[in-house]
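I'd like to ask some things about the structure below.
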Amino acid sequence: MNWREEIKKFIVRRSETGDARSYVDVKGMIGRPDLLFSVVAEIGELILRKHSEIKAIGSHGVGGTFLIGPTILYVYDHWFNVNGFFVRLDARENGSHHAIEGCVEKGSRVLLIDDLIETGNSSLKARDILVAHGCQMDGIVVVVDLSNGDNACTRAGIKVEPLTTL
């Protein structure tokens, strides 16, 4: 199976919906474990090859969060233990929600994963929250790059590693 072709069926572009952003329909991918495994295995192999110093894998959105658990299990099964976290871009000030949830210690080297990058604004905000928490960003792995490498993250000097560009 060519997952790069198959995943195109699950990309919803904002021009089609009028929404604020494009996204990957990860709920639709639940019925395609072969597709999900292919994507997770490629993310996992990239982490194993290029990100051996990380201590945690996290995301800030639904699509990336959907990928965190399986990716952590893939990496754990092949190499080492990494923790998972979620960055709340809209953390409530009343203390009921923390900006970072999960297990990431201050000073940890971390990697963000996401299903898609278009403008990069959300990922840049997540990076800023992580840096304020004392984390070191190793970069961002995205399944699909709709920006052709021109987004807020790359302009800010953040290493963005797309699995495919459309």
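Derivation of every value follows stated rules applied to the coordinates shown; laboratory data play no part. This one's a predicted model, so the numbers in the text were calculated from it and none came from an experiment. Positions of Cβ are backbone-derived with ideal geometry, glycine not excepted, and every protein chain shown enters the neighbour counts.
Looking at the chain only, what percent of DSSP beta bridges run antiparallel? Nearest 5 please. Each step should come with its number before you reach the end.
Numbers: 5 of 25 bridges.
About 20 percent, rounded to the nearest 5.
Could you work out how much longer the chain between Asp150 and Glu6 gets when fully extended? Use 0.36 nm per residue separation minus the Cα distance between them, nm to one decimal.
Difference between extended and current length: 49.4 nm.
Taking the structure as given and computing Kirkwood radius over Cα pairs in Å, which label from [x] 16.0; [y] 16.5; [z] 18.4 fits?
[x]
Using 0.36 nm times the number of residues separating Asp77 and Val62, minus their current alpha carbon distance, what extension gain do you get?
3.0 nm
For the stretch 39-67 and the stretch 99-166, what is the separation of their C-alpha centers, rounded to whole Å?
So the separation of the two Cα centres works out to 11 Å.
Between Cys103 and Asp34, how high is the FRET efficiency from 1/(1 + (r/R0)^6) when r is the Cβ-Cβ distance and R₀ = 41 Å? Nearest 0.05. Walk me through the numbers before you get to the answer.
Values: r = 30 Å, r/R0 = 0.73.
The formula returns an efficiency of 0.85 here.
Further, regarding this structure: Leaving out same-chain residues fewer than 8 places away, which lysines sit with a Cα under 28 Å from that of Lys55?
Lys27, Lys106, Lys125, Lys159
Let me ask something else. May I ask you to sort Lys55, Lys9, Lys106 by Cβ crowding, counting other Cβ atoms within 10 Å and putting the fewest first?
Going from least to most buried by this count: Lys106, Lys9, Lys55.
Just want the ordering: His98, His133, from fewest to most Cβ atoms lying within 10 Å of their own Cβ.
His98, His133
Still on this structure, please answer the following. On alpha-carbon atoms, Rg over Rh for the stretch 1-58 using Kirkwood Rh?
Rounded to two decimals, Rg/Rh equals 1.07.
Let me ask something else. Residue farthest toward the positive end of the dipole of the chain, with Cβ of Lys/Arg at +1 and Asp/Glu at -1: which of Val131, Pro70, Ser108?
Among Val131, Pro70, Ser108, the one farthest towards the positive end of the dipole of the chain is Val131.
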